[in-house]
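Read through the structure below, which is laid out as structure tokens, and then see the notes.
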Amino acid sequence: MRTATVTIKPDALTHNLRQVRKLAPKSKVLAMVKANAYGHGIAVALPALQQADGIGVASFTEALEARELGWQKTIGLIEGVFSADEWQQAIDNDFSCVIHHLPQLQWALENVPDADSPTRTVWLKYNTGMNRLGFADDTIVEIAKQLHSAGYQLILTTHFANADNNEHPLNAKQIQCFSAVLAGLKQTVSADIKASLCNSAGIINFPEYHYDWVRPGIMLYGSSPVIDKRADELSLQPAMDFSARIMAMQIVKAGSAIGYGSHWLAEQDTKTALVSIGYGDGYPRVVADCAEVCVIDASSGKSYRCAIRGRVAMDMITIDISALPENIALDSRVVLWGDAPHVDEVAAYAGTIGYELLCRLSLRPERQVCSSL
């Protein structure tokens, strides 16, 4: 049977959440589980993230699913609602919402929830330079006053554009803008206004600005959010193992090409293996010539790095197994990403980021959950 497998490790998720707690011990944690928990499966992720103070989702459907799965703590809609009807549904389902543009403000002012409703706490989005969502400098204070006067508890929030790069000049500008507005709101509106600035990269690079809530995403899943440190250097453990099996082996003669477009030519007789994985499963179609996978020798348990040869096809890849033991078995396990190679390494081969690879896995691979690390 063709085997491509995605194995999720809940213990790694729990471990990574503990790392967030160590880095931001005084802050509450809004764990991001949008996009089906970054491709890991929200039903698997939620039990592993029980020690978070809340979760963040991008859509109303995701929020409803989390509630149906039994999540009783804060559920934050990080893009807010998209209609007046959704605002009422947010109240009915005890969701907390971001407010980032005028229609959302109007819906909130026209329909104020009861004092004990979680929807009474809103995340007021301030555009400090990302230039996607949020209110500008000339409106943020007045909007905060309106919401506070209506009885809302406010969490001022914004989003870094370059927190992964500690040296980018926009970071300092965003921090300065956010800090100044927060101080002004505490003076002129309410001393009880809370703040949330840091995503995963911000948690690592800007510890002095963790404020009341941090919002970890990719680091929960074991990927590094910063450009100058690997995941293992941050004590993060990959929560996903993506693997397949060797389905055939052959010798490719010197001067012969492999795969579509005859992209790779063998300089010498080369022992190759076909692996039952491809872009139809979610492995990137375009990877650099240096891209590698790991073959696990079932007899010894030893792991061998093997280079991909030729283009990635929809259903299979070819790898060079010339350096492997002669007795390497058909059906040997091949790790596409996991502990090694790490998803961040594969993303570098593909000229993208780990987020994308994790989120765009197809439904074809078999899904399983590891009971322990």
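Here are the numbers:
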item	result
Distance (nanometres) between label positions extended 7 Å along Cα→Cβ at Ala183 and Ala115	3.3 nm
Beta bridge orientation in the chain: antiparallel %, DSSP, nearest 5	55 percent
Point-to-point label distance, Met1-Leu363, nm (Cα→Cβ direction, 7 Å offset)	1.9 nm
Distance in nm between pseudo-label sites at Glu233 and Glu326 (7 Å out along the Cβ direction from Cα)	4.2 nm
Cβ-based net charge around Arg21, under 11 Å, with every Lys or Arg adding one and every Asp or Glu removing one	+3
FRET efficiency for Ser83 and Ser149, using Cβ-Cβ distance with R0 set to 25 Å, rounded to 0.05	0.55
Ranking of Phe160, Phe135 by count of other Cβ atoms within 10 Å, fewest first	Phe135, Phe160
Fluctuation leader among Thr74, Thr188, Thr157 - the chain, Gaussian network, Cα springs under 10 angstrom	Thr188
Whole-number percent relative contact order across the range 265-356, with pairs defined as alpha carbons under 8 Å at least 6 apart	33 percent
Extended-chain gain in nm, criterion 0.36 nm per residue less alpha-carbon gap, His168 and Asp339	58.6 nm
Correct choice for Cα extents along the principal axes in Å that was computed from the model, options [x] 61, 48, 36; [y] 77, 43, 37; [z] 68, 49, 43	[y]
Built amide H within the under 5 Å cut-off of Met240, gap 5+	Lys9
Pairs beyond 25 Å (Cα-Cα), from Lys34/Lys125; Lys125/Lys145; Lys186/Lys229; Lys253/Lys302; Lys9/Lys34	Lys186/Lys229; Lys253/Lys302
Relative contact order (percent, whole number), the chain, Cα cutoff 8 Å, 6+ residue spacing	19 percent
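No lab work stands behind these numbers, since they all come straight from the coordinates. All values reported here derive from a predicted model rather than from experimental measurement. Because the Cβ atoms are built from the backbone with ideal geometry, glycine has one as well, and the counts that use them run over all protein chains shown.
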